[in-house]
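Data block below; observations after.
The values are calculated or read from the model by the stated rules, or taken from the named source; none is laboratory data. Worth saying up front: this structure is predicted, and the values here are computed from it rather than measured. Here the Cβ positions follow ideal geometry from the backbone for every residue, glycine too, while neighbour counts run over all protein chains shown.
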Amino acid sequence: MYPTSVHPLLPQPTDLDPPAPTPAHPLAVLGGDVRVRVTDGRLLPYANLDVAATAPCAAVAAEAVARLLPTYASVHRGAGALSRHCTRAYEQARATVARYVGCRAGDQVVFTRNSTDALNLLAHAVPRGADVLTFVGEHHANLLPWRRAIRLPLPGTPDDAVAAVDRALRRHGPALVAVTATSNVTGEVWPVAEIARVARRYGARVVVDAAQLAAHGPVSLAALGADYVVLSGHKLYAPFGAGVLAGRADWLDDAEPYLRGGGATRHVDADATVQWTGGPARHEAGTPNLVGAVALAAVCAALTETCWAGLARHEQRLLDRLDAGLAGVAGVQRLALFGPGHPRTGIVSFVVAGLESAEVARRLADDHGIGVRDGLFCAHPLTRHLLAAVPAAATPAAPPTTAVRVSIGAGTTVEHVDRLVAALAQIAARPGGRCTQSFGAR
Ligand code: PLP
């Protein structure tokens with residue numbers, strides 16, 4: 001069956017090229033039938049290879065939202081039947097997410113807007129005077145919120161990373177270690193469980209930024225031995241606007257509310273003296289994002305062990321194909337911190353000799369209907385570090401200042417990957433031309 005519908009915001013079809021059939025994968029996502037017109041006038045199925053920025057919405061999330069909307073009513077604020085129903089749905093969503101991220105007895109799940117919000121909330125809750133250890137290559141969301149940060153230089157190997165945390169904790173004493181499970185620039189998997197083991201020896205806590213990992217495998221506080229985990233719904237096949245901070249309750253209960261307002265209070269006097277409530281509500285003032293929480297929970301419930309196994313097979317097959325394809329394109333130079341053989345998820349960043357990355361991304365979009373990301377990926381220090389390591393001989397015209405990132409997931413097909421590789425071969429063989437619109441500063 002070939003998809004036939006055209007997105008209403010896009011031009012209507014004139015010459016429909018039937019796309020290759022998509023291989024079955026266990027998590028159906030929306031948008032597979034969206035087509036875009038390219039410069040030669042053809043309508044092509046949109047190849048979304050920017051899944052690491054925002055993943056397409058899972059069908060189960062859309063269905064959960066559709067079921068919920070007719071019963072739309074206030075959450076934690078009303079006595080009516082629908083309010084009670086919505087309150088129950090919100091708290092059930094919290095319980096589902098808690099199970100999904102392996103919460104232990106006493107752990108909390110706070111719904112946030114996204115991972116950035118979750119990490120800022122935790123930074124707000126870190127006890128005053130406590131140091132936070134990070135690596136300088138973290139995504140800005142895990143680099144910038146910390147008040148008393150000790151930023152470790154980028155390690156050359158995973159073992160170096162663990163040893164650097166060990167040394168820093170020995171020198172500086174207990175702290176919070178904030179580390180990303182999977183790089184959003186290279187897809188490389190970091191030794192989070194080993195870092196957590198070292199941290200425990202020093203009585204330090206660990207927060208795992210699972211914004212990327214969550215879309216490629218199960219995330220479990222218990223399995224990682226971590227104290228906190230953050231993730232974003234929109235990277236986990238749910239709609240925008242819901243994220244999670246899960247983990248130990250004590251710092252969160254001791255901290256001033258992240259947001260001050262209704263829902264976070266136990267009692268307010270006439271002079272606005274407040275007794276704040278405890279638990280997740282302390283940091284969720286204001287009417288919560290019920291739809292986002294329910295959609296995210298629907299995805300978490302669908303991502304069973306069997307589903308993950310199927311998705312992992314699907315992604316690995318595509319990643320192998322992508323690796324082999326890119327290896328055959330002259331002029332493509334890949335970025336990696338730990339080296340090409342290190343385990344990674346479906347993210348590949350690279351530069352193309354003689355071309356600005358913005359120009360490569362523009363040509364992929366305009367001429368081939370392929371969406372990728374270019375720039376520094378909100379991880380400026382890491383990406384600049386990796387760009388500086390590109391051998392001068394690989395990009396003789398000028399040293400690259402930004403990169404292209406391709407990322408795959410549940411909605412990606414063999415045809416998307418093959419089209420990308422063919423397009424890159426064409427683009428790399430005929431460099432020239434400059435892009436006027438760049439997203440390089442992001
Ligand atoms: N951490 C990592 C590793 C990311 O890749 C991202 C986003 O790309 C974030 C944190 C921030 O996520 P969000 O933009 O959803 O807050």
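Taking the condition of being surrounded by fewer than 18 Cβ atoms within 10 Å (Cβ to Cβ), farther than 17 Å from VAL329 by Cα and touching a residue at least 60 places away in the same chain (Cβ under 8 Å), how many residues in segment 386-414 meet it?
So the count comes out to 1.
Restricting attention to segment 199-220, which residues are of a type in the set (S, T, N, Q) and within 10 Å of the ligand (Cβ to nearest atom)?
GLN212 - this is the single residue of segment 199-220 that is of a type in the set (S, T, N, Q) and within 10 Å of the ligand (Cβ to nearest atom).
What do you reckon, is ARG35 buried (at least 20 other Cβ atoms within 10 Å of the Cβ), modelled with pLDDT of 95 or more and of a type in the set (Lys, Arg)?
So ARG35 passes the test.
Working only within segment 136-148, note down all residues that are surrounded by fewer than 19 Cβ atoms within 10 Å (Cβ to Cβ) and either within 16 Å of the ligand (Cβ to nearest atom) or under 21 Å from the mean Cα position of the chain (by Cα) (or both).
Correct list: VAL136, HIS140, LEU144.
Any residue in segment 267-280 that is touching a residue at least 24 places away in the same chain (Cβ under 8 Å) sitting within a Cβ distance under 8 Å of a residue that is charged (D, E, K, R) and surrounded by 12 or more Cβ atoms within 10 Å (Cβ to Cβ)? List the pairs, counting only those 6 or more apart or interchain.
Pairs found: GLY278/ASP253; GLY279/ASP253; PRO280/ARG94.
Condition check: at pLDDT 95 or above, under 22 Å from the mean Cα position of the chain (by Cα) and farther than 25 Å from ALA95 by Cα. Does ALA181 satisfy that?
Criteria not met by ALA181.
Looking only at segment 165-198, how many residues end up being away from the ligand (no atom under 16 Å from the Cβ) and in a helix (DSSP H, G or I)?
Counting residues in segment 165-198 that are away from the ligand (no atom under 16 Å from the Cβ) and in a helix (DSSP H, G or I) gives 13.
Output the residues belonging to segment 235-251 that are surrounded by fewer than 24 Cβ atoms within 10 Å (Cβ to Cβ) and either aliphatic (A, V, I, L, M) or under 30 Å from GLY31 (Cα atoms) (or both).
Passing the criteria: PRO239, PHE240, GLY241, ALA249.
Can you go through LEU296, LEU290, LEU337, LEU303 and tell me which one is at pLDDT 95 or above, more than 21 Å from ARG99 (Cα to Cα) and not small (Gly, Ala, Ser)?
Unique residue meeting the criteria: LEU337.
So which residues in segment 149-164 are aliphatic (A, V, I, L, M), outside any strand (DSSP E or B) and away from the ligand (no atom under 16 Å from the Cβ)?
VAL162, ALA163, ALA164
Which number in (1) touching a strand residue (DSSP E or B) at 6+ places or on another chain (Cβ under 8 Å); (2) more than 28 Å from ILE408 (Cβ to Cβ) marks the one condition that ARG67 misses?
Of the numbered conditions (1) touching a strand residue (DSSP E or B) at 6+ places or on another chain (Cβ under 8 Å); (2) more than 28 Å from ILE408 (Cβ to Cβ), the odd one out for ARG67 is (1).
For segment 85-117, give me each residue that is over 21 Å from ALA255 (Cα atoms), in a loop (DSSP other than H, G, I, E, B) and within 16 Å of the ligand (Cβ to nearest atom).
VAL101
Name the residue that is farthest from the ligand (Cβ to nearest atom), counting only residues in segment 232-282 that are touching a Leu at 6+ places or on another chain (Cβ under 6 Å) and not in a strand (DSSP E or B).
Result: TYR258.
In segment 124-135, how many are outside any loop (DSSP other than H, G, I, E, B) and either away from the ligand (no atom under 16 Å from the Cβ) or surrounded by fewer than 20 Cβ atoms within 10 Å (Cβ to Cβ) (or both)?
3
Just checking, does segment 64-84 include any residue being charged (D, E, K, R), out of contact with any Lys or Arg (no Cβ under 6 Å at 6 or more places or on another chain), within 16 Å of the ligand (Cβ to nearest atom) and modelled with pLDDT of 95 or more?
Within segment 64-84 (the criterion being charged (D, E, K, R), out of contact with any Lys or Arg (no Cβ under 6 Å at 6 or more places or on another chain), within 16 Å of the ligand (Cβ to nearest atom) and modelled with pLDDT of 95 or more), the answer is no, since none of the residues qualifies.
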